[in-house]
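Below is one structure, written out as structure tokens, with a few remarks after it.
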């Protein structure tokens with residue numbers, strides 16, 4: 001018999017809820033309590049519910065940036081709010097999007113409306129509310145470039161907070177929300193999208209893919225199609241095999257270490273950063289360490305892309321995390337570079 005769900009008007013509560021269908025790594029973990037929020041205005045009431053107020057809280061979108069290393073002995077808050085509001089300001093649209101909207105749906109909608117900017121970020125799994133937390137990025141573009149502000153519930157001050165781009169302190173796969181975990185629950189994100197802008201083609205084969213498509217004068221939707229083709233070829237589909245996309249961040253090291261590694265390994269991709277440091281390709285490091293396609297039980301690294309940790313079937317969260325730690329240790333021993341996980345790891349021991 002499935003767990004019983006209680007509708008509270010604006011949100012629903014389920015005890016001992018299974019989470020396998022709510023995380024793209026397909027980890028068969030459970031939550032002591034699952035709260036599905038449909039109305040952001042009901043969030044303060046939900047957080048005051050005794051079973052929620054006195055327990056740990058985990059905010060969940062589509063679970064595409066998450067590794068549940070164990071069951072969660074608290075409340076999982078699933079954001080299921082919906083809504084898009086547009087204000088036109090000349091050639092720029094200011095668009096407020098509810099946190100529960102699917103990111104890829106929003107990107108495709110924006111392209112369909114004739115807005116530019118998000119084309120390089122198509123096909124990224126997850127919800128809009130998760131985008132600023134991770135500052136999602138792909139193919140030379142980051143969400144922060146187009147985020148004007150974020151609306152969130154401040155659990156410390158118990159009020160609605162509106163944080164502009166500067167206050168969000170965006171960095172590479174980073175933001176204020178990561179540095180103050182648990183304080184803010186994102187309820188909506190406001191974007192500023194232009195009608196036209198210079199396309200970003202010089203990253204990871206986009207220009208070449210557009211040329212293969214036979215397009216001489218690309219528009220944003222052409223770039224989006226090129227990215228879809230590239231991502232589909234490179235990355236395993238979570239609907240086919242459990243994964244959370246890129247599991248490891250590209251490490252950023254000081255310039256001297258990058259130069260020394262490049263001297264030893266001339267083929268290592270290195271990208272100079274504005275602060276004088278250098279970003280290295282985590283995928284190259286993992287593959288060069290002989291780990292691409294390796295597995296232990298049902299936990300492994302994809303044979304299609306070395307950044308992707310995969311669940312071949314019934315791997316537990318603990319087994320996946322143990323395998324990820326083996327990857328980190330192997331790369332550190334071989335190259336002296338320590339990789340960091342990109343997804344949130346919950347319940348690691």
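The values are calculated or read from the model by the stated rules, or taken from the named source; none is laboratory data. Everything numeric in this text was worked out from a predicted model, so none of it was measured. Cβ atoms come from the backbone with ideal geometry, glycine included; neighbour counts cover every protein chain shown.
Within region 108-122, can you find the residues that are part of a helix (DSSP H, G or I) and surrounded by fewer than 24 Cβ atoms within 10 Å (Cβ to Cβ)?
Answer for region 108-122, where residues must be part of a helix (DSSP H, G or I) and surrounded by fewer than 24 Cβ atoms within 10 Å (Cβ to Cβ): 108, 109, 111, 112.
Residues in region 39-68 that are crowded, with 18+ Cβ neighbours inside 10 Å and in a loop (DSSP other than H, G, I, E, B): how many?
The number of residues fulfilling the criteria is 5.
Give me the pairs: first residue in region 44-55 and more than 18 Å from residue 187 (Cβ to Cβ), second residue part of a helix (DSSP H, G or I), beta-carbon distance under 7 Å, and six or more apart or on different chains, which are they?
53/47
If residue 290 meets every condition in (1) under 23 Å from residue 174 (Cβ atoms); (2) loosely packed, with under 14 Cβ neighbours inside 10 Å apart from one, which number is that one?
(1)
So the check is Cβ under 6 Å with 6+ separation or different chains; which pairs have a first residue in region 106-120 that's without any contact (Cβ under 8 Å) to a residue 24 or more places away in the chain and a second one that's buried (at least 24 other Cβ atoms within 10 Å of the Cβ) and in a helix (DSSP H, G or I)?
Qualifying pairs under 6 Å: 106/128.
Could you say which residue among 245, 276 is part of a loop (DSSP other than H, G, I, E, B) and within 23 Å of residue 171 (Cα to Cα)?
Step by step, each of 245, 276 is checked, and only 276 is part of a loop (DSSP other than H, G, I, E, B) and within 23 Å of residue 171 (Cα to Cα).
Kindly check whether there is at least one residue in region 319-335 that is in contact with a strand residue (DSSP E or B) (Cβ under 8 Å, 6 or more places away or on another chain), modelled with pLDDT of 95 or more, part of a loop (DSSP other than H, G, I, E, B) and farther than 12 Å from residue 27 by Cβ.
Looking through region 319-335, none of the residues is in contact with a strand residue (DSSP E or B) (Cβ under 8 Å, 6 or more places away or on another chain), modelled with pLDDT of 95 or more, part of a loop (DSSP other than H, G, I, E, B) and farther than 12 Å from residue 27 by Cβ.
Would you check which residues across region 252-285 are closer than 13 Å to residue 334 by Cβ and touching a helix residue (DSSP H, G or I) at 6+ places or on another chain (Cβ under 6 Å) and list them?
Correct list: 268, 285.
Quick one: how many residues across region 162-199 are surrounded by fewer than 17 Cβ atoms within 10 Å (Cβ to Cβ) and under 26 Å from residue 86 (Cβ atoms)?
Number of matching residues: 9.
Provide a single number: the residues in region 94-103 that are more than 20 Å from residue 36 (Cβ to Cβ) and buried (at least 19 other Cβ atoms within 10 Å of the Cβ).
Total meeting the criteria: 1.
Answer yes or no: is there a residue in region 168-176 that is part of a helix (DSSP H, G or I) and in contact (Cβ under 8 Å) with a residue 12 or more places away in the chain.
yes
For residue 224, are the conditions met, namely being outside the structural domain of residue 301 (by TED's automatic domain parsing), assigned to a loop (DSSP other than H, G, I, E, B) and under 20 Å from the mean Cα position of the chain (by Cα)?
Judged against the criteria, residue 224 is not a match.
Hey, does region 123-142 have a residue that's in contact with a helix residue (DSSP H, G or I) (Cβ under 9 Å, 6 or more places away or on another chain), crowded, with 23+ Cβ neighbours inside 10 Å and either assigned by TED's automatic domain parsing to the domain that holds residue 66 or more than 26 Å from residue 179 (Cα to Cα) (or both)?
No, there is no match, as no residue in region 123-142 is in contact with a helix residue (DSSP H, G or I) (Cβ under 9 Å, 6 or more places away or on another chain), crowded, with 23+ Cβ neighbours inside 10 Å and either assigned by TED's automatic domain parsing to the domain that holds residue 66 or more than 26 Å from residue 179 (Cα to Cα) (or both).
Cβ-Cβ distance below 6 Å, separation of 6 or more or different chains: which pairs start in region 262-291 with a residue that is farther than 16 Å from residue 338 by Cβ and end on one that is in a loop (DSSP other than H, G, I, E, B)?
Every condition considered, the pairs that remain are 262/268; 269/281; 287/306.
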